[in-house]
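Peer 1: Okay, here's the structure, questions in a sec.
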Amino acid sequence: MVSVSIHTFVADSDREETMRKTIWTALFACLAILPLRGAEWVTHSGDNQRTGWQKNENAISKDSVKNLKLLWKITLDTKQRSVYSLYGPLIVERAITDRGFKELAIVAGANNDLFAVDADLGRLFWKKHFEWHADVPETTQASFLCPGGLTAWPVLQPLPQRGRGAPVPPAAPTPTPSAATTAPAAAGPQRGGNPFAVRSVFVLTGDGNLQQVNINTGDAAPPVKFLPPNGKPYSLALVDNIIYTITGQGCGGNPNSVYSMDLNDPAKTVRYWRSGSGGLWGTAGPALGADGTVYAETGDGQTDPAANRYANAVIALTPKELKLKDWYAPTNAEWLYKRDLDMNVTPVVFPYKGRELLVGSGKEGRFFLLDSQSLGGTDHRTPLFRSDLISNEDIDFAGAGTWGSLSSWEDAQGTRWVLAPVWGPKHPSATFAMNNGDANVGSIAAFRVEEKGGKPVLTNAWISRNLMTPAAPAVANGVVFALASGEWVRQANDREGGLYQVEARVQRSQPAILYALDAATGKELWSSGSQVASFTHNGQLTIANGRVYFTTYDNTLYCFGFPMEH
């Protein structure tokens, strides 16, 4: 009944304002009988703890996943920059527009583009291109280290919280002629959680401007300066109306930093913490603890706290102000620097038996379990647990070890799991209780968090089938989705010197393949086979409402799910 009414309204888009009011009246009536909360994916990895765990999934299960189909794919009009093209989608479960209820997939493009796609139909809903506004010109040299353009996953404004005391988000831009010149007005109180509040998506463009965009229309408020231009920020995080990001590689001559901005601050003050040395390049951006503490890993450089140099470390910063709270650096940090084995992932944060724990890793192929109350003990060098080498026997700086980000979930029995993308072969001395075939080019490794000797440890549980350059997995209802990105990631050109150019990486890459694995054993349950045409760089999965999404280098957004009668 609801669907029929909405399609009737859409059929005549030229009706007068009275009809528009009728539409909204009908939508209010419809909403009264529909659930207000569905599954969404509002940020990279689904949440600020960067777990990659979709807790609100009902359709996908170990029994149903064998029926997964390619529902649709859509090629979006953006310009590739080096190996970067599209970033994975954010999912709005119910956008209430004058064209009816819409589930939207919101995708950022490397050429400073933003798209909204109707997730039911696989059709473009709106597109927004952001013009360059900075004191310096946009870089024209795009490498895989410093591609320029848009490099950070956007972040969705969360659904309004219910009850008193909920943070008040800034108002979304409205589709009026003045939207380009008038700053958004402050939002009024939203006690009770108004389900019709217009939400925003926040986008960080290559000129360093933070863009606030109305998810229903694509209209943007005036941009706010956040970062220097031509840098390389990673995924945004939003909590308590404070935006965070991290930067790496020193792109554009900009120092490696963690940044924050309070969106409710009229002055829009930008705060930052400098690593003093290593870049921060976990692809999921910063992770945030339950108390708002900001966590990140720093990459190669000098580790000298006395000189404020915190390379190859896990750092903890205060919310908003970004003051250094704590840090952990491995005892072999100098070796890591010498062999370019960066700590290079976004740590994953999770609760465990009344504590909040973190797991970090890097190109060395080892994992660290840390207590949020004391990351490395009194000497900042002693973690709760330090694993043996899981990968990278050859000490390879480019195609082995752990890259990107991690995942974590808890099963029905209360067991906490940690999942990691492993590039290259498993280390010959690493043993797992369950193996799923020879994994000589990459795999997903699964660990259980267990108590041994009165302390939490990571226990090797299973390792997946062979996966070429896997992305961080995502989890729903006991199913692990693993994406073999297909990307060829060698960097140093032994014969000609220097680094391989983008053309070589593209030509030698292979099409991505999506797999569904049993989260308890790693056994393969389903795969996409040969349905995907291109590889993906820094690929990341999105799960919501019985659908799994990812993007590929050829500017295509894929949606796998269960067919639904319309």
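The values are calculated or read from the model by the stated rules, or taken from the named source; none is laboratory data. These figures come from a predicted structure and were not determined experimentally. Ideal geometry is used to build each Cβ from the backbone, glycine not excepted, and the neighbour counts take in all protein chains shown.
Peer 1: Could you look through the stretch 529-544, keep only residues that are in a loop (DSSP other than H, G, I, E, B), within 22 Å of the chain's Cα centre (by Cα) and of a type in the set (Gly, Ala, Ser), and pick out the one that is nearest to Ala474 (Cα to Cα)? Walk me through how you get there before you give the answer.
Peer 2: Taking the stretch 529-544 and keeping what is in a loop (DSSP other than H, G, I, E, B), we get 529-539, 541.
Checking which are within 22 Å of the chain's Cα centre (by Cα) leaves us with 532, 534-539, 541.
Filter once more, so that each one left must be of a type in the set (Gly, Ala, Ser): 534, 539.
On the way: Ser534: 20, Gly539: 11 Å.
Only one residue fits best here, namely Gly539.
Peer 1: What number of residues within the stretch 452-492 satisfy the criterion of being over 24 Å from the mean Cα position of the chain (by Cα) and acidic (Asp, Glu)?
Peer 2: Summing the residues that are over 24 Å from the mean Cα position of the chain (by Cα) and acidic (Asp, Glu) in the stretch 452-492 gives 0.
Peer 1: Let me ask something else. Over 15 Å from Leu322 (Cα atoms), modelled with pLDDT under 95 and in contact with a Ser or Thr (Cβ under 6 Å, 6 or more places away or on another chain): which single residue out of Gly253, Gly278 fits that description? Walk me through how you get there before you give the answer.
Peer 2: On the way: Gly253 fails: in contact with a Ser or Thr (Cβ under 6 Å, 6 or more places away or on another chain).
Testing whether each residue is over 15 Å from Leu322 (Cα atoms), modelled with pLDDT under 95 and in contact with a Ser or Thr (Cβ under 6 Å, 6 or more places away or on another chain) leaves just Gly278.
Peer 1: Considering only residues that are within 21 Å of Val457 (Cα to Cα), crowded, with 21+ Cβ neighbours inside 10 Å and not hydrophobic (A, V, I, L, M, F, W, C), which ones fall in the stretch 318-345?
Peer 2: Tyr328, Pro330
Peer 1: Okay, next question. Please enumerate the residues belonging to the stretch 425-451 that are over 28 Å from the mean Cα position of the chain (by Cα), closer than 18 Å to Phe367 by Cβ and small (Gly, Ala, Ser).
Peer 2: Ser429, Ala430, Ala433, listed by residue number.
Peer 1: In addition: Check every one of the strands (runs of 3 or more DSSP E) wholly within the stretch 443-493 and list those with 3 or more residues that are farther than 16 Å from Ser527 by Cα and in contact with a Ser or Thr (Cβ under 8 Å, 6 or more places away or on another chain).
Peer 2: 455-463
Peer 1: While we're looking at this one, here's another question. Which of the strands (runs of 3 or more DSSP E) contained wholly in the stretch 69-142 include at least 1 residues that are crowded, with 23+ Cβ neighbours inside 10 Å and either hydrophobic (A, V, I, L, M, F, W, C) or within 21 Å of the chain's Cα centre (by Cα) (or both)? Walk me through it before giving the result.
Peer 2: Numbers: elements: 69-75, 90-97, 100-109, 113-118, 123-129.
Result: 90-97, 100-109, 113-118.
Peer 1: For the structure I just gave you, tell me whether Ala520 is hydrophobic (A, V, I, L, M, F, W, C), surrounded by fewer than 23 Cβ atoms within 10 Å (Cβ to Cβ), within 23 Å of the chain's Cα centre (by Cα) and assigned to a loop (DSSP other than H, G, I, E, B). Explain how you work it out, then say what you get.
Peer 2: Values: hydrophobic (A, V, I, L, M, F, W, C): yes; surrounded by fewer than 23 Cβ atoms within 10 Å (Cβ to Cβ): yes; within 23 Å of the chain's Cα centre (by Cα): no; assigned to a loop (DSSP other than H, G, I, E, B): yes.
Criteria not met by Ala520.
Peer 1: What do you reckon, is Leu322 of a type in the set (A, V, I, L, M, F, W, C), outside any loop (DSSP other than H, G, I, E, B) and modelled with pLDDT of 95 or more?
Peer 2: On the way: of a type in the set (A, V, I, L, M, F, W, C): yes; outside any loop (DSSP other than H, G, I, E, B): no; modelled with pLDDT of 95 or more: yes.
Judged against the criteria, Leu322 is not a match.
Peer 1: Within the bounds of the stretch 398-409, is there any residue that is touching a helix residue (DSSP H, G or I) at 6+ places or on another chain (Cβ under 9 Å) and assigned to a loop (DSSP other than H, G, I, E, B)? Step through it out loud before you land on a result.
Peer 2: Of the residues in the stretch 398-409, the ones touching a helix residue (DSSP H, G or I) at 6+ places or on another chain (Cβ under 9 Å) are none.
Looking through the stretch 398-409, none of the residues is touching a helix residue (DSSP H, G or I) at 6+ places or on another chain (Cβ under 9 Å) and assigned to a loop (DSSP other than H, G, I, E, B).
Peer 1: Go through (1) among the hydrophobic types (A, V, I, L, M, F, W, C); (2) surrounded by 23 or more Cβ atoms within 10 Å (Cβ to Cβ); (3) out of contact with any strand residue (DSSP E or B) (no Cβ under 8 Å at 6 or more places or on another chain) one by one and return the number of the condition Ala197 breaks.
Peer 2: Of (1) among the hydrophobic types (A, V, I, L, M, F, W, C); (2) surrounded by 23 or more Cβ atoms within 10 Å (Cβ to Cβ); (3) out of contact with any strand residue (DSSP E or B) (no Cβ under 8 Å at 6 or more places or on another chain), only one is false for Ala197: (2).
Peer 1: Tally up the residues in the stretch 346-373 that are loosely packed, with under 15 Cβ neighbours inside 10 Å and in contact with a Ser or Thr (Cβ under 9 Å, 6 or more places away or on another chain), please.
Peer 2: Within the stretch 346-373, residues that are loosely packed, with under 15 Cβ neighbours inside 10 Å and in contact with a Ser or Thr (Cβ under 9 Å, 6 or more places away or on another chain) number 1.
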